[in-house]
Structures are given as structure tokens and as C-alpha cells.
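Worksheet: one structure, shown below.
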Amino acid sequence: MILAADDRTSQATILLIENNEGDICLADEALKNGGIPVRLHVVRNGVDALAFLNRTGAYKAAPRPALILLDLNMPRLDGREVLARIKTNDALKAIPVIVLSTSSSREDVLRSYELHANCYLTKPTELSEYLELVHAMKQFWLQMADLPPAF
């Protein structure tokens, strides 16, 4: 369910595209905290991400996410290619995509924005900073920002 400005208490669906188990656990924990209810779905590679978003194969009943958290470096299909495919697909391009990567290289940041990422966040190395970053991201995107209507 995508949150509208008048429905901030509904549970938002977030798709996390991440292959690192530790980062998945951290994101899950951070998203559970903070009082904003979310339903987290996780896929571990770019091929499964596109299947989830396009509702194909094992993901025919997948919900449409309100927000996508995308790692850049993944197996089978990297995050840059996933981002490019999302943002050139008329049915998907309105979904906000936040790149959440360990890379802080200028090239990765620039390329992500060229591919129309809505935000680029570098994963902090400290646990408390990571939790704070995800909480701030969640608060902005799910409480402050007006997201596109469900489709």
C-alpha cells in the first residue's frame, strides 16, 4: 500500500534489494523501529528484483512497493541495471528508488542520479549511524513526502 498524505497510519510496503545478509538484518531492524509500520519484502539479486516488480514467476502476487531500497553491487544483475530498468518502465518509474550502498564514489553517486535514483545514501559503518540513517530515510519518505498513488 502506498501512503497518501491523508493516510500516514497505513502500513507501507518497502522492497529491499540487497544480497548481504548482515545488511538485510540491519535494515529490517532499523525499519521495525521508529513507530512507522512497514511491510518489508527482500530480494537478493537483480533478476529477482525485476521479477518481483513485474509480478512474474514466483512473484505473481507481489505487492507494489511504496519505496525501493537498492544496493548497487549484487549478483546476477547489478543495481545500476535494475535502476535503469525500473526508471525506463512506465509502470514502475514513479516508485521512489533510494540507492543504499557502501560505495561513496563520485562515479557511483553521479551514475545513480543519471539513472534517475530519487536519493543516494552511503551506508555508515557504525551500527548506530546506520540505524539513524534508515530511521531518517523512513521518516522523510513515509511521513513527510507525498508518494504516488497505488496502482
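The values are calculated or read from the model by the stated rules, or taken from the named source; none is laboratory data. Just so it is clear, the structure is predicted and the values come from calculations on it, not from any experiment. Here the Cβ positions follow ideal geometry from the backbone for every residue, glycine too, while neighbour counts run over all protein chains shown.
Annotations for the structure displayed:
- Selected residue (criterion: surrounded by the most Cβ atoms within 10 Å (Cβ to Cβ)) from residues of segment 107-151 that are part of a loop (DSSP other than H, G, I, E, B) and without any contact (Cβ under 8 Å) to a residue 24 or more places away in the chain: N118
- Annotation note: Cβ proximity below 9 Å between a residue of segment 15-33 that is free of Cβ contacts under 8 Å to residues at least 40 places away in the same chain and a residue that is surrounded by 18 or more Cβ atoms within 10 Å (Cβ to Cβ) and of a type in the set (D, E, K, R) (sequence gap 6+ or interchain) occurs for E21/R44; I24/E18; I24/R44.
- The set of residues in segment 1-26 that are modelled with pLDDT under 90 and aliphatic (A, V, I, L, M) comprises M1, I2, L3, A4, A5, A12, L26.
- The residue list R80, R39, R76, R55 contains one member that is free of Cβ contacts under 8 Å to residues at least 40 places away in the same chain and surrounded by 18 or more Cβ atoms within 10 Å (Cβ to Cβ), which is R80.
- Of all the residues in segment 58-73, those that are assigned to a loop (DSSP other than H, G, I, E, B) and surrounded by 15 or more Cβ atoms within 10 Å (Cβ to Cβ) number 7.
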